[in-house]
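Q: One structure, pasted below without further comment.
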Amino acid sequence: MQKQTVRDLEAAGKVVLVRCDFNVPLEAGSITDDRRITESLPTLRLLIEQGARVILASHLGRPKGVTPEFSLAPVAARLSELLGKNIPLAPDCVGDEVKAMVAAMGDGDVLLLENVRFHPEEEANDPAFAAQLASLADAYVNDAFGTAHRAHASTEGVAHHLPAYAGLLIEKEIEFLGRAVNNPKRPFVAILGGAKIKDKIPVITNLLTKVDKLIIGGGMAYTFLKAQGHEIGKSLLDESNLDFCKELLAQHGDKIALPIDVVIATELTETAATQSVPATHIPSDHMGADIGPDSVDAFTQIIMSAGTVIWNGPMGVFELAPFEAGTIGVAEALAASQAITIVGGGDSAAAVEQFGLADKMTHVSTGGGASLEFLEGKKLPGIEALLDA
């Protein structure tokens, strides 16, 4: 994964196309979390200071054709505030009008292209569309780690037409995730949560060969408890992967830490009545929806003795107050630990943001799916396509 970075690019006077991940959450047209925008600023400031003419490309949401509510206009406004200069939004990402706007740019100027996914050719990685995007610039920088696992026109296709470099955010992601997986400070602990085992099988399989301890929480844990022969009531069960769990417990039981108590309820609501019970005694008419206080204590002890911790996936249905304590407890343990702590994007990143603990982590990844595929040991097409160091 050793790639040339934006630091290797002599950018002065050049038009540089930067693929960012500005896929930010919006409510009524306002950005509710701008972390993906702020994470792109080091790369953008470096290029501006060097006197490059910077064109920014990104997607937002999953539009079907041109959809006004998926316009990048709110991103242009926020970028203008953060960079302290006007960042115009082009009416499209290709075409004569865009070319004219690029031609009128001066050194240090920045132009944001409209949502690349307004064109179906983007996700199809259409070669002609990639060539159109590339024709706007002299060089390409990919700083969109959140989409690096997708081979789309603006993330992979463009790199075949222009000298292609990694941005500073992608460099940081590769450095933290890569070092954690390949050369961790030990003991190395991975915490996996979330709902579905099938989504995490490749990650579990890859990480079990590398970690000293694997903590399993969230909805996934109940299939493991069932595999041990315990009653799990109406808790989430991935029947098709019971044998996989039995096999893992037989081969790596000493490495796997499961919840010892869980928070149960009969419904998943904000007002649900809850109680903590041993993980081995879930009543048949209840479901587990979070790890219990004893599990938080046990997991905290493991975290406190770790040298490196990677966390991907919440411990329960943390979006609902009755089931948030387990996820908060694990987040607080990471925040208090002396270990290198890496939060692998997605729901875990949302949780540490929500609980105000993001700045206490060594690194919070901007890519849920991308960080997951990285932890699986997969090659990410958006990074593979860049120039080797």
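Q: Taking amide H atoms as placed 1.01 Å from N in the peptide plane, list the residues 5 or more away in sequence, or in a different chain, whose amide H sits under 5 Å from that of Ile340.
A: Thr308, Val309
Q: Also: Rule-of-thumb check for the stretch 194-332: C-alpha Rg over 2.2 N^0.38 Å?
A: Cα Rg divided by the expected 2.2 N^0.38 Å: 0.98.
Q: Determine the sum of side-chain charges near Ile260: Lys and Arg each +1, Asp and Glu each -1, restricted to other residues whose C-beta is under 10 angstrom from that of Ile260. It would help to have the intermediate numbers written out before the result.
A: On the way: positive: none; negative: Asp261, Asp294, Asp297.
Taking every other residue near Ile260 into account, the sum is -3.
Q: How many angstrom lie between the C-alpha centres of the stretch 305-340 and the stretch 58-83?
A: 32
Q: Mean-square fluctuation check for the chain, GNM, Cα pairs under 10 Å: which of Gly13, Gly217, Gly368 is largest?
A: Result: Gly13 has the largest fluctuation of those listed.
Q: Compute the relative contact order of the stretch 176-375 as a whole-number percentage, counting only Cα pairs closer than 8 Å that sit 6 or more residues apart in sequence. Let's see the in-between values first.
A: Working: 441 pairs, mean separation 44.5, N = 200.
It rounds to 22 percent for the stretch 176-375.
Q: Shifting gears a bit: What is the extension gain from Leu242 to Asp138, computed as 0.36 nm multiplied by their sequence separation minus the C-alpha to C-alpha distance, in nm to one decimal?
A: On the way: separation 104, 0.36 × 104 = 37.44 nm, distance 5.27 nm.
Value of the extension gain: 32.2 nm.
Q: Can you work out the Karplus-derived ³J(HN,Hα) for every residue in the stretch 94-108? Use 6.51 cos²θ - 1.76 cosθ + 1.60 with θ = phi - 60°, whole Hz, and x for glycine or proline.
A: Taking θ as phi minus 60°, the curve returns 9, x, 5, 5, 5, 4, 5, 5, 5, 4, 7, 6, x, 4, x Hz for the stretch 94-108.
Q: Mind listing which trypsin sites (Lys or Arg not before Pro) in the stretch 20-122 are in a DSSP loop and have 16 or fewer other Cβ atoms within 10 Å?
A: Values: sites: Arg35, Arg36, Arg45, Arg53, Lys64, Arg78, Lys85, Lys99, Arg117; in loops: Lys64, Lys85.
Counting only loop positions with at most 16 other Cβ atoms within 10 Å, the trypsin sites (Lys or Arg not before Pro) in the stretch 20-122 are Lys64, Lys85.
Q: Further question: Which FRET efficiency, nearest 0.05, do His160 and Lys64 yield, Cβ-Cβ r, R0 30 Å? Numbers along the way, then the final one.
A: Working: r = 27 Å, r/R0 = 0.90.
Working from the Cβ atoms, E equals 0.65.
Q: Right, here's the next one. Across the stretch 293-299, in residue order, what do the Karplus-derived ³J(HN,Hα) couplings come to in whole Hz, using 6.51 cos²θ - 1.76 cosθ + 1.60 with θ = phi - 60° and x for Gly and Pro?
A: x, 5, 5, 4, 4, 5, 5
Q: Still on this structure: Just round it to a whole percent: the fraction of Cα-Cα distances in the stretch 139-260 exceeding 18 Å.
A: Numbers: 4517 of 7381 pairs.
That tail contains 61 percent of the Cα-Cα pairs.
Q: Next up: Pick out which of Ala28, Ala57, Ala273 has the largest mean-square fluctuation in a Gaussian network model of the chain, springs linking Cα atoms closer than 10 Å.
A: Maximum among the listed residues: Ala28.
Q: I need the phi-derived Karplus couplings for the stretch 67-77: 6.51 cos²θ - 1.76 cosθ + 1.60, θ = phi - 60°, integer Hz, Gly and Pro marked x.
A: Going residue by residue, I get 10, x, 6, 9, 5, 8, 3, x, 5, 4, 5 Hz, with x marking Gly and Pro.
Q: Continuing with the same structure: Debye calculation, C-alpha points only, no solvent: report log10 I(q)/I(0) for the stretch 6-169 at q = 0.15, 0.16, 0.20 Å⁻¹, in the same order as the q values.
A: Debye output, listed in q order: -0.72, -0.84, -1.42.
Q: Stick to the Cα atoms of the chain, pair each with every other, and give me the Kirkwood hydrodynamic radius in Å at one decimal.
A: Working: mean 1/r = 0.0453 Å⁻¹.
22.1 Å is the Kirkwood radius here.
Q: Would you kindly state how much longer the chain becomes between Val277 and Glu81 on full extension, computed as 0.36 nm times their sequence separation minus their alpha carbon distance, in nm to one decimal? Provide the component values of the computation, followed by the final result.
A: Working: separation 196, 0.36 × 196 = 70.56 nm, distance 5.02 nm.
So the extension gain works out to 65.5 nm.
Q: For Ala128 and Ala100, what does the FRET efficiency come to when R0 = 25 Å and r is the distance between their Cβ atoms, rounded to the nearest 0.05?
A: Working: r = 21 Å, r/R0 = 0.82.
The value I calculate is 0.75.
Q: Still on this structure: Would you look at the GNM of the chain, springs on alpha carbons closer than 10 Å, and say which of Glu122, Glu270, Glu353 moves the most?
A: Glu270
Q: Here is a further query. What is the sum of charges around Gly13, taking Lys and Arg as +1, Asp and Glu as -1, for the other residues whose C-beta is under 10 Å from the C-beta of Gly13?
A: Numbers: positive: Lys14, Arg53; negative: Glu10, Asp107, Asp138.
With Lys, Arg at +1 and Asp, Glu at -1, the neighbours total -1.
Q: Which residues' amide hydrogens lie under 5 Å from the amide hydrogen of Lys14, considering only partners 5 or more residues apart or on another chain, with H built in the peptide plane?
A: The answer is Arg53.
Q: Further question: Please compute the length gained on full extension between Ser305 and Asp8, using 0.36 nm multiplied by the number of residues separating them and subtracting their Cα-Cα distance.
A: Values: separation 297, 0.36 × 297 = 106.92 nm, distance 3.91 nm.
Contour length minus the Cα-Cα distance gives 103.0 nm.
Q: Relative contact order for the chain using alpha-carbon pairs under 8 Å, separation at least 6, rounded to a whole percent? Numbers along the way, then the final one.
A: Numbers: 858 pairs, mean separation 64.8, N = 389.
17 percent.
No value in this document is a laboratory result; all are computed from the given coordinates. Note that the coordinates shown come from a computational prediction; the quantities given were computed from them, not determined experimentally. Ideal geometry is used to build each Cβ from the backbone, glycine not excepted, and the neighbour counts take in all protein chains shown.
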